[in-house]
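Taking it in order: structure first as structure tokens, then the write-up.
Any read-out appearing in this document is the output of simple, stated calculations on the displayed coordinates, not a laboratory observation. Keep in mind it's a predicted model, so treat the numbers as computed, not measured. Every residue, glycine among them, receives a Cβ derived from its backbone with ideal geometry; neighbour counts consider all protein chains shown.
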């Protein structure tokens, strides 16, 4: 393996501003700061590469020059097409896009981009960004040579794995996966759905959930949910004042089901869990290859969650590497891809310095490497204090 493989930065959404109605608006990175990063790469002689070349350098098949950078985007949001793709073309850079086929917009739509704004065809305020990319848009990006599409598993969802109550739902991002799982057809369009947040009721119990690739699903008794829905009708849960009394009654109800061993009505078998894992890993590869007529060799784990079993299955299915994610102990393995968050939300100048520092410390250049070691040592001391 190469002694120093290129750094791999990751992003999700890029736009001029955050959509206030979107539960995951925190994933949106400032468009002006992202453009500043591309400008920095261009000015300082860095060149972006796809993961095929990254893997060759990492495994010592091809020498690295020390100026290679990988940019990756997770999820396949529409704004990657609208904003990130035109900017990458403008600065002569490229990026990898990890998509989940269940989230891809199934309509044959090709929507305007920032390029259309530059060329006077549409005003910028007319650009639509709420949603996911379509296969037609992905195909154009792939064929441009600026974007390489790879797998982000099939569903990108999470499932309930235990009876541990995390909280009650009153809106926000924690409701996304329960709503997705109950309404899978909404996935590609949920960001633009004005009714999305109300598709599970206020006061809905949110139990411990984990990413689909590591979850062993637990089925909560539907009669409990019916009883809770009836209970909710007696409280004005749109007001904060009513919630403590409701939650106390709801917890009593939950404990009653638990005491009678009636809270769970089913647990996924190991065989069914394995079949679901194969669907996530193998079927996603197959679907992207069919739709885009190109090989898929790399997989990014949603939420960073994965396991040795999931990684091994991916390798057997023909992936060259998967992201290490939360399995940080795997980061140095040649068929793993460690990544660095690229969305530094600070002032433009501070973000640029962070980007500069992370690239140069990764490439072990001084004094950045020494500063990085001191910083890491400080964090270890504080963690163990």
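I'd like the antiparallel share, as a percent to the nearest 5, of DSSP beta bridges with both residues in the chain.
Working: 10 of 36 bridges.
About 30 percent, rounded to the nearest 5.
Identify the residues of the range 194-236 with backbone N under 11 Å of a label point that sits 7 angstrom from the Cα of residue 164 along the Cα-to-Cβ direction, or state none.
Residues 208-210 fall inside that zone.
Given Cα pairs under 8 Å that are at least 6 residues apart, what percent is the relative contact order of the chain? Let's see the in-between values first.
Details: 641 pairs, mean separation 67.5, N = 385.
Over the chain, the number comes to 18 percent.
Once you place label points 7 Å from the Cα toward the Cβ at residue 255 and residue 65, how far apart are they in nm?
6.8 nm
Using the beta-carbon distance between residue 356 and residue 331 and R0 = 30 Å, what value does 1/(1 + (r/R0)^6) give for FRET efficiency, to the nearest 0.05?
Numbers: r = 22 Å, r/R0 = 0.74.
Efficiency, rounded to the nearest 0.05: 0.85.
To the nearest 10 degrees, how steeply does helix 243-259 sit against the main Cα axis of the chain, on a 0 to 90 scale?
Once rounded, the angle reads 80 degrees.
With each pseudo-label sitting 7 Å past Cα toward Cβ, what's the residue 21-residue 198 distance in nm, one decimal?
Result for the modelled spin labels: 1.2 nm.
For a quick check, take a GNM of the chain with Cα springs below 10 Å and name the residue from 211, 261, 307 with the largest mean-square fluctuation.
Of the options given, 261 has the highest mean-square fluctuation.
I'd like the FRET efficiency for residue 289 and residue 376, computed as 1/(1 + (r/R0)^6) with the beta carbon distance as r and R0 of 30 Å, rounded to 0.05.
On the way: r = 40 Å, r/R0 = 1.32.
For R0 = 30 Å, the calculated efficiency reads 0.15.
On a 0 to 90 degree scale, rounded to 10, what angle separates helix 135-144 from the longest Cα axis of the chain?
Rounded to the nearest ten degrees, it is 20.
Go ahead and run the numbers for FRET between residue 242 and residue 221, Cβ-Cβ distance against an R0 of 22 Å, rounding to 0.05. Can you show the working numbers first?
Values: r = 25 Å, r/R0 = 1.13.
Efficiency for this residue pair is about 0.30.
Going by C-beta contacts inside 10 Å, put 357, 50 in order with the fewest on the left. Before the final figure, lay out each step's value.
Numbers: 357 15, 50 20.
Least to most surrounded, the residues fall as 357, 50.
Among [x] 46; [y] 35; [z] 41, find the value of percent of Cα pairs over 30 Å apart that was calculated from the structure presented, and write down its label.
So the structure-derived entry is [x].
Fewest first, what order do 102, 330 take by the number of other Cβ atoms within 10 Å?
Numbers: 102 22, 330 18.
Listed from fewest to most nearby Cβ atoms, that is 330, 102.
Quick one: angle between helix 222-232 and the longest Cα principal axis of the chain, in degrees between 0 and 90, rounded to 10, please.
Once rounded, one gets 80 degrees.
By how many nm would the segment from residue 121 to residue 186 grow when fully extended, if each residue of separation counts as 0.36 nm and the alpha-carbon distance is taken off? Mind dumping the intermediate values first?
Numbers: separation 65, 0.36 × 65 = 23.40 nm, distance 3.06 nm.
This chain segment gains 20.3 nm when fully extended.
Which order results if 132, 77 are arranged by neighbouring Cβ count within 10 Å, fewest first? Working shown, then result.
On the way: 132 25, 77 29.
Sorted ascending by nearby Cβ count, the order is 132, 77.
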